[in-house]
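Reading through the structure tokens given below for one structure.
The values are calculated or read from the model by the stated rules, or taken from the named source; none is laboratory data. Worth saying up front: this structure is predicted, and the values here are computed from it rather than measured. FYI the Cβ positions are ideal-geometry reconstructions off the backbone, even for glycines, and counts take in every protein chain you see. The protein model used for the area step is the full one, side chains on, heavy atoms only, and it has no ligands, DNA or RNA in it. Shrake-Rupley method; radii C 1.70, N 1.55, O 1.52, S 1.80 Å.
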Amino acid sequence: MLSDDQLMRYSRQILLADIDLAGQERLLASSVLMVGAGGLGNPAALYLVGAGVGRFLIADGDHVEASNLHRQIGFRQGDIGTNKAQALAAQLRELNDQVSVQVHPRFVGPQWLAEQVSAVDLVLDCTDNFAARAMLNAACVAAKKPLLSGAAIRFGGQLVLFDLRRDDAPCYGCLYGNDESEDELCSESGILGPVVGTIGTLQALQAIRFLTGLPVTEKLQQFDGATLQWRSLNFRKDPACPVCSEKVCTKKS
Ligand SMILES: [Zn+2]
């Protein structure tokens, strides 16, 4: 049962027939792990905590810099030098004190991920490098947890849901293999705030849809911020995927 305060706070999304009271209750009962509190994670977290996710765990070992402020919209100048997960959590608690906002103010490792991923309903990949994405993907494949991945660089971005609850679902490794050669950083290549903000915002949208039980596309969605065009690409599980192929699973077990 929602309290009067919750009915008022979430009234505009409860009004949506697809959400309704049942969807809001699902959101309030859900838990999310978000790895990366940067340009993607800031808008994604603000919308998800605003929407009333029950438990929201943020992991990031990085610190706020002046060069982050144009796109990492939860931070203020006074946050410079502080841990990103902690600075964002402070904003989120101000926004909605009914959400349990938890912080891991360090870069994640495989063991920590193995413990935390299995305890949440959805994992958000808001990281900015291949090594972190690969580690997150491996943890989600092992725990059979859905992974909602976003990325943005220069004028472009993409997002995709890997619903790893299903054995036939492709993973991040099926799409990209072990190729680290494409690893580009915003600190080297540049990024516009609204481009990465668009992707982070849509990660929040897809997360809300997923957590309330609404259909979510599993196609790879690519955004071109120069033309405002979207491309939607199909892809499949790779039987030779180094992460999720059955051969590898058998070897492990
Ligand atoms: Zn795979």
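Pairwise Cα distances in region 12-100 exceed 19 Å for 39 percent of all pairs.
For the residues Glu65, Glu184, a 1.4 Å probe over the protein chains yields an accessible-area ranking, largest first, of Glu65, Glu184.
For region 1-66, relative contact order (Cα pairs under 8 Å, six or more residues apart, normalised by length) works out to 32 percent.
Amide H contacts under 5 Å for Leu122: Ser31, Leu33, restricted to partners 5 or more places along the chain or on a different chain, H placed in the peptide plane at 1.01 Å from N. Residue-wise HN-Hα couplings along region 129-145, as the Karplus relation 6.51 cos²θ - 1.76 cosθ + 1.60 with θ = phi - 60° gives them from phi, are 8, 5, 4, 5, 5, 5, 5, 5, 4, 4, 5, 6, 4, 4, 8, 6, 10 Hz; Gly and Pro carry x.
Counting only heavy atoms of the protein chains and using a 1.4 Å probe, Lys144 has close to 90 Å² of accessible surface.
Accessible surface computed residue by residue for region 1-160, with neighbouring protein chains in place and a 1.4 Å probe, gives 43 Å² per residue. Distance between the C-alpha centres of region 1-53 and region 68-110: 18 Å, rounded to the whole angstrom.
Mind putting a number on the dipole of region 1-100 about its Cα centre? Charges go on the C-beta only, +1 for Lys and Arg and -1 for Asp and Glu, and I need it in Debye to the nearest 20.
120
Leaving ligands and nucleic acids out of the surface, order Glu115, Glu188 by accessible area at 1.4 Å, largest first. Display every interim value, and only then the final one.
Working: Glu115 105, Glu188 140 Å².
Result, largest first: Glu188, Glu115.
Short to long, the 5 Å bins of the Cα pair-distance histogram for region 95-253 hold 2, 8, 16, 21, 22, 16, 10, 4, 1, 0 percent of all pairs.
Surface listing: Met8, Met1, Met34, Met135 arranged by accessible area from highest to lowest gives Met1, Met8, Met135, Met34, probe 1.4 Å.
This model, with +1 at the C-beta of Lys and Arg and -1 at the C-beta of Asp and Glu, gives region 193-248 a dipole about its Cα centre of some 100 debye.
Looking at the square roots a ≥ b ≥ c of the eigenvalues of the Cα gyration tensor of region 139-217, which shape do they give, rounded for a/c under 1.5, prolate if a/b is larger than b/c, or oblate? Note, shape of region 139-217 comes out oblate. For region 124-237, the relative contact order works out to 30 percent when only alpha carbon pairs closer than 8 Å and six or more residues apart are counted. Take the Cα radius of gyration of region 130-171 and divide it by 2.2 N^0.38 Å, N being the number of residues; the result is 1.23. Taking the charge dipole of region 74-169 about its Cα centre, with +1 at Lys and Arg Cβ atoms and -1 at Asp and Glu Cβ atoms, the residue from Val120, Pro105, Gly81 reaching farthest to the positive side is Gly81. Charge tally around Val117: other residues with Cβ under 10 Å, Lys/Arg +1 each, Asp/Glu -1 each, net +1.
Peptide packing: for 145-154, 102-111, the average count of neighbouring Cβ atoms within 10 Å per residue gives the ranking 145-154, 102-111, highest mean first. Rounded to the nearest 20, the size of the Cβ-charge dipole of the chain about its Cα centre is 380 debye, with Lys and Arg at +1 and Asp and Glu at -1. If you take all other residues with their beta carbon under 14 Å from the beta carbon of Gly61, and give Lys and Arg +1 and Asp and Glu -1, the sum is -2. The lysine pair count for the chain, using Cα distances under 20 Å and pairs eight or more places apart or on different chains, is 13. A helix-only calculation puts the chain at -11000 deg cm²/dmol for mean residue ellipticity at 222 nm, using -39500 (n - 2.57) for each DSSP H run of at least four residues, averaged over all residues.
Over the chain, what is the relative contact order in whole percent, taking alpha-carbon pairs under 8 Å and six or more residues apart? With pairs under 8 Å counted, the relative contact order is 19 percent. Starting from a Cα-only point model with no solvent, please compute log10 I(q)/I(0) by Debye for region 89-171 at q = 0.11, 0.14 1/Å. Here the Debye-derived log intensity ratios amount to -0.34, -0.55.
Using protein chains only and a probe of 1.4 angstrom, how many square angstrom of Ile80 are accessible, to the nearest 10? Here the residue's solvent-accessible area equals roughly 80 Å².
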